[in-house]
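Undergrad: Below is the structure I would like to discuss, written out as structure tokens.
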Amino acid sequence: MSKKDLIKNGIKSAKHIAILKPISQIVSFLATVLLVRLLSENDYGIYNLFYSLIGLLGMIASFGIANTLQRFMPEYYARKEYIVAHKLYKISSIIRLISNIVILGLIFLLWESIAPILKIEAHKKIFILFSIIILLNMQRRLLEVCLNSFFLQKNTQILSIAFMLIRCAGYLIALLKNLDLWSVFVIDLAAHLIIFICLHVIYKFRIPIDKGELHEIIIEEKRRLTRYSLFHNFNDIGNSILAVNFDNFIIVMYLNPVMVGVYSFSQRVSHMIKGLNPVNYFIDVIRPIFFSFDSKRETTKINQIYNLLIKLSHLFYIPILFFLINYRDEIINTLFAGKFIEYSLVLVGVFFFAMLNSFQQPIGLIAQLKEKADIILYSKVFAVYNIIADILLIKYFGVWGAVFATGTATFFKTIFIWYFLKNDITHKNLASFFTKLISFWAFIAMINYLLKFITQHEYIILLIGLVVYVISFLIQFKLNIFNREEKQFILNKITNPRIRNIMIFFLNSRNKSGVLNIEMM
């Protein structure tokens, strides 16, 4: 596949995502609202404890499989070596299935020792049911990586919407009929099974798995794959320790399932908000295009996109952080029936660290592109810090200890990776960008704080806030926060004349003819 074809497919996939992902986000949001309203605070904590087991399995025996597929499947598909790509997927799938079954079997055999520690001893039947969900979830993720690498984001997004619609419908019925936690897991199992079957059918019929010049992975390539996979196996261990999943286990040991619910609720809402970030929005398109670059000869292009990704992320993160500071209580009362309202500041804290650590994605892309798996691995030393900090801080500061421990551990890990890539990375005009943006939104937040005194009605307060923030969000583009090359790059990707003219207005760009070379991407 030529670079031009790669760009064409990437833009086509981006359009599909732009249309379908908002629907997926809305449905996912509705599912979360229904689930929080359906379950008690204790049951919501238990629910998230079980889903934390998925992260535990990833920590114990990931073998770096997902990262290896993300890195090499786009490369094989670009070279039209579909037979080799299919063999890599099959091997990965079998390894993951066997390792998952072994670990789940051990947990079942040691249930009487493990369950009391996690305070789930009364839920053995749910564990058996959830084990099937875990197996399907793990296999589903591998299929999605393969399909996204082949630029079939339209299919994966449609199925993602279908997955959430099934859960939404099930949760609504459960809410109306006042069903229990077991019923929620049955609904989840049905959704996972249906979507896994659909993904497998699409993979079989849309990707020409029997075509290609190579029929076997050559020895040198096997060594490259093995080295990359093993490094990322240990990398995944560190990621799991730095993730919410590990925090949940420490929280329940020292506290109780309700506090797991508080932390998981804040993380879940933060995760949904992060889904609005354009970088996360198009990451499945960005990743295969990014990995098509020559890491040595295209450094300038890589840095241009790196800086643009950071700016695009914070154009969303910074205003949303200030919005949460202004309206956190109103959001929880209105949407989630006031559950966890006494811990609304935890949501702000979680999202602050999410914004602070958003650099890790573009930095991680560069590290993967340059195959710096060893540096990524060494950065996991901060997982040890996270364990120690979790144990010490959660014991004395409760859920806030988990927020601070994991947030700072992730931040230090990102800084560590950046240090070894600093000679390959340039930060062009970022200081000016952040100064303008933070000052602007601090002023808007102050205005909104004063506007809250107009009325006591939460719905009206929230509505006024939304209107002011939406208008301010558009105004921020007039702050001249993009340089000329970035403006041209953005305009180059917009073919609709009306939308293009609107963007020219907001970007303060009057040079309509200035367009970057399409080969920049």
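Undergrad: With respect to residue 324, determine if the residue is closer than 24 Å to residue 433 by Cα and crowded, with 19+ Cβ neighbours inside 10 Å.
TA: When the stated conditions are applied, residue 324 passes them.
Undergrad: Which ones in segment 398-414 are closer than 15 Å to residue 253 by Cα, among the small types (Gly, Ala, Ser) and either touching a residue at least 24 places away in the same chain (Cβ under 8 Å) or surrounded by fewer than 16 Cβ atoms within 10 Å (Cβ to Cβ) (or both)?
TA: Result: 398, 402.
Undergrad: Of the conditions (1) of a type outside the set (Gly, Ala, Ser); (2) within 24 Å of residue 65 (Cβ to Cβ); (3) within 21 Å of the chain's Cα centre (by Cα), residue 88 fails just one. Which one is it?
TA: With (1) of a type outside the set (Gly, Ala, Ser); (2) within 24 Å of residue 65 (Cβ to Cβ); (3) within 21 Å of the chain's Cα centre (by Cα) applied to residue 88, the lone miss is (3).
Undergrad: Give 54, 19, 94 a once-over and let me know the one that is among the hydrophobic types (A, V, I, L, M, F, W, C), free of Cβ contacts under 8 Å to residues at least 60 places away in the same chain, touching a helix residue (DSSP H, G or I) at 6+ places or on another chain (Cβ under 9 Å) and part of a helix (DSSP H, G or I).
TA: That would be 19, the only listed residue that is among the hydrophobic types (A, V, I, L, M, F, W, C), free of Cβ contacts under 8 Å to residues at least 60 places away in the same chain, touching a helix residue (DSSP H, G or I) at 6+ places or on another chain (Cβ under 9 Å) and part of a helix (DSSP H, G or I).
Undergrad: Sticking with this one: What do you reckon, is residue 223 under 25 Å from residue 145 (Cβ atoms), under 29 Å from the mean Cα position of the chain (by Cα) and among the charged types (D, E, K, R)?
TA: Judged against the criteria, residue 223 is not a match.
Undergrad: Checking the condition among the aliphatic types (A, V, I, L, M) and not in a helix (DSSP H, G or I), which residue from 120, 173, 166, 114 passes?
TA: 120
Undergrad: Further question: In segment 241-250, what residues are surrounded by fewer than 22 Cβ atoms within 10 Å (Cβ to Cβ) and either modelled with pLDDT under 70 or of a type in the set (Ser, Thr, Tyr) (or both)?
TA: 243 - this is the single residue of segment 241-250 that is surrounded by fewer than 22 Cβ atoms within 10 Å (Cβ to Cβ) and either modelled with pLDDT under 70 or of a type in the set (Ser, Thr, Tyr) (or both).
Undergrad: Something else about it: If I filter segment 332-339 for residues that are among the aromatic types (Phe, Trp, Tyr), at pLDDT below 95, more than 26 Å from residue 436 (Cβ to Cβ) and surrounded by fewer than 18 Cβ atoms within 10 Å (Cβ to Cβ), do I get at least one hit?
TA: yes
Undergrad: Looking only at segment 50-97, which residues are of a type in the set (S, T, N, Q), at pLDDT below 80 and within 30 Å of residue 182 (Cα to Cα)?
TA: 62
Undergrad: Here's another thing I want to ask about it. Do we find a residue being under 29 Å from residue 307 (Cβ atoms), modelled with pLDDT under 90 and not in a helix (DSSP H, G or I) anywhere in segment 429-449?
TA: Looking through segment 429-449, at least one residue is under 29 Å from residue 307 (Cβ atoms), modelled with pLDDT under 90 and not in a helix (DSSP H, G or I).
The values are calculated or read from the model by the stated rules, or taken from the named source; none is laboratory data. On a predicted model such as this, the values are computed, not experimentally measured, just so you know. Positions of Cβ are generated from backbone atoms using ideal geometry, with glycine treated the same way; all protein chains shown enter the neighbour counts.
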